[in-house]
2 protein chains.
Amino acid sequence: MNTFSVKAFGTEAKDKDLELMQIERREVTPSDIEIDILYCGVCHSDLHTARNDWGGTKYPSVPGHEIIGRITRIGSEVTKFKVGDLAGVGCLVDSCRECESCRKDLEQYCLTGSTGTYNGADQFLGGHTFGGYSEKVVVDEAFGLKIPENLDLKAVAPLLCAGITTWSPLKHWNAGPGSKVAVVGLGGLGHMAIKLAKGLGAEVTLFSRSPNKIQDALDLGADAVVISTYENEMSAVKGKFDLIIDTVPYDHDINPYISTLNISGTLVLVGYIGKMEEALFTPPMILGRRSVAGSVIGGIKETQEMLDFCGEHNILPEIEMIKMQDINTAYERMLKSDVRYRFVIDMQSLKR
Amino acid sequence: MNTFSVKAFGTEAKDKDLELMQIERREVTPSDIEIDILYCGVCHSDLHTARNDWGGTKYPSVPGHEIIGRITRIGSEVTKFKVGDLAGVGCLVDSCRECESCRKDLEQYCLTGSTGTYNGADQFLGGHTFGGYSEKVVVDEAFGLKIPENLDLKAVAPLLCAGITTWSPLKHWNAGPGSKVAVVGLGGLGHMAIKLAKGLGAEVTLFSRSPNKIQDALDLGADAVVISTYENEMSAVKGKFDLIIDTVPYDHDINPYISTLNISGTLVLVGYIGKMEEALFTPPMILGRRSVAGSVIGGIKETQEMLDFCGEHNILPEIEMIKMQDINTAYERMLKSDVRYRFVIDMQSLKR
């Protein structure tokens, strides 16, 4: 298969910094679009993959799955896009498109395994996929997203992971007018959960361990903040929430939050993938039909719905722009939660 | 308030056998029905309460919340029943009737606390309520259940706890034609879960640790049995079930079962109330939108629906009849799982 070379930023090993490199992209096939990347958001998964924190990273690793750009070429059978259109690519670039999940527009739960935008198995070139820390990406139009023209483009990028990751459970568990939603943790995911839940019409509360997050949360639209280490504040919201979106990315005790769920309420884990060492205490679950669930990103159809919703309601993440060359420093700052609330790379910096 | 005395079987202390005693019942108020008890099922909760296994037992303790009988008197305002009707009483004899849960016919989740048929706070006489191991019970007609006349009466009793406890989650999580349901554990609850799920049209699999339960499960209507200690059998059902009803009454590792859930599937705990020592492993939950939930008994309206359904489909538990005087031996046998699958007391034995 014919390819062409583009500049990218990636790493050759888990303990090395990211640096400039060349990668190959496939020539557009009849159903492909080629996107000139304008902005790419920086997700915690980028860092975890680059450093092989979860195992399984293939090198060289080029992260980035919050991609916004303009279409520069299209294949002969492309119908959804034309050259010059804005387009986005999120966490997925392909799936089997035939299984029960794919037929239900749940490509993120593809039963044969969807293809990640980076570190996935490249069906065209062999090897593994490379993400959005690069000049261009070529992707099947079915996995390209339309971007509302009215939005501030650079801030749209994080919607493609942080946005959809919180939108999908909010919609699946029916957040909306009249419902009470709580968000655990105020980071990239948490701040989007607040904005989206609020946009959907829910009453929104943030759980945080840190009193210095209170003003930020209120500024983002939260109706209330509960400091989770203050017992009186936790008692005051016992049995209150219909839905809790738990964005905490490390092991933590979820039992205190379960008790703040209303009857038939659900706590959805979206941040921590691993063992929860603290034992689950079943009485609040059994005696109140409460659930603990998990959720990951979202399907292409609902990602498009989320983008359209954000376009209509002008909902965007809070971002800090960086240059591609600053990525290693940005990773260090992310590890210290020193970002409000998402870094976005101005990809022009890569072209110089 | 006027009362009258009836014979009952109860215990004065956690380490004493149950024995004959006299208890007081209130005279019927305008909305009450008086039921002459014909049969009373024997639930594990009876034993746990009599022996104060969960703490909080008030003595003397008279268990029994699977009560079937005939109405001998009614209050002046009773409209749902007449003298001579069959009637049942399950786990609840009252609730606040005003909270959000009660208004949704979820009296089991009454926000101010429903009144248990035994060991509850008696709103009329003070002290605590006494259960169905007695000659008669007086209950508000709102908490009395109509019993289909076509059913074998003595077998109906366990529907009022074992039946509704499994029916409620089967209905709430939409078990029906086309859905795949698994049941963990084959005891009083488990065998009803199989029968009810099958009655609802689902494909039903039993998880058991014991190969000698296979024939029994198939006889009860299960389509398949998976021996949970056989790794190959567990692997073969990975990702299969839409709903798992976990009836195991002691601490156990639920992680292997979570992995057998289909995308968006739910495992519902109905048997074990306490800490689950084995750490919850979140990847199968997050990467498949799988849930772990709890559920307890059911509301009065859905209990009636379940009874009517069992009447239409002639679904009844498997029972072994005992005399009231055999209750202590029956408890010992229950502890050894030596019952297929529910003891029912012929309350005539108390009257002699």
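Distances between copies at A:Asp105, taken between label points 7 Å from Cα along the C-beta direction, are 3.2 nm in increasing order. Sites listed here are chymotrypsin sites (Phe, Trp or Tyr not before Pro) in the range A:241-288 whose DSSP assignment is loop and whose Cβ has at most 13 other Cβ atoms within 10 Å: A:Tyr250. Kirkwood hydrodynamic radius of the range B:162-294, from the reciprocal of the average inverse Cα-Cα distance over all distinct pairs: 14.3 Å.
For the range A:254-272, heavy-atom accessible area (probe 1.4 Å) falls by no less than 50 Å² from the chain alone to the full protein assembly at A:Ile263. Write down Rg/Rh for the range B:217-262, rounded to two decimals, with Rg from the C-alpha atoms and Rh from the Kirkwood relation over Cα pairs. Here Rg/Rh amounts to 0.95. Relative intensity of the protein assembly as shown on a log10 scale, I(q)/I(0) at q = 0.07, 0.08 Å⁻¹, equals -0.56, -0.69, per a Debye sum over C-alpha point scatterers of equal strength in the absence of solvent. Shown for B:Asn174: label points 7 Å from Cα along the beta-carbon vector, and their distances to the equivalent points in the other copies, 1.1 nm in ascending order. A straight line joining the Cα centroids of the range A:21-78 and the range B:112-183 runs 58 Å.
The lysines whose alpha-carbon is closer than 19 Å to the alpha-carbon of A:Lys213, local same-chain residues fewer than 8 away aside, are A:Lys195, A:Lys198, A:Lys336.
Heavy-atom accessible area per residue, the protein assembly as shown, 1.4 Å probe: how many Å²? Please list the in-between numbers first.
Details: 27010 Å² over 704 residues.
Per residue, the protein assembly as shown has 38 Å² of solvent-accessible surface.
What value, in deg cm²/dmol to 500, does the helix sum -39500 (n - 2.57) over DSSP H runs of n ≥ 4 give at 222 nm once divided by the residues of chain B?
Numbers: 12 runs with 86 residues, N = 352.
Dividing the helical sum by the residues of chain B leaves -6000 deg cm²/dmol.
Here the dipole of the protein assembly as shown is about 120 debye; that uses its Cα centre as origin and unit charges on the Cβ of Lys and Arg (positive) and Asp and Glu (negative). Ranked from shortest, the separations from the 7 Å Cα-to-Cβ label point of B:Lys275 to its equivalents in the other copies are 1.6 nm.
Each chain gives up part of its surface: B and A jointly bury about 3200 Å² of accessible area, both sides summed, for a 1.4 Å probe.
Determine the distance separating the Cα centre of the range A:191-231 from the Cα centre of the range B:248-310; give it in Å without decimals. One Cα centre to the other: 30 Å. Computed over chain A, the range of Cα coordinates on each principal axis works out to 63, 40, 37 Å, biggest value leading.
Put simply, the amide H of B:Lys275, placed in the peptide plane, has neighbours under 5 Å in A:Thr282, leaving out anything fewer than 5 places away on its chain. With 18 Å as the limit on Cα-Cα distance, the pairs of A:Lys80/A:Lys104; A:Lys146/A:Lys301; B:Lys16/B:Lys154; A:Lys104/A:Lys171; A:Lys58/A:Lys154 that go past it are A:Lys80/A:Lys104; B:Lys16/B:Lys154; A:Lys58/A:Lys154.
The values are calculated or read from the model by the stated rules, or taken from the named source; none is laboratory data. Source: prediction; values computed, not measured. Note that we place each Cβ from the backbone using ideal geometry, even for glycine, and neighbour counts take in every protein chain shown. Heads up: the accessible areas ignore ligands, DNA and RNA and are worked out on the full protein's heavy atoms, side chains in. Shrake-Rupley method; radii C 1.70, N 1.55, O 1.52, S 1.80 Å.
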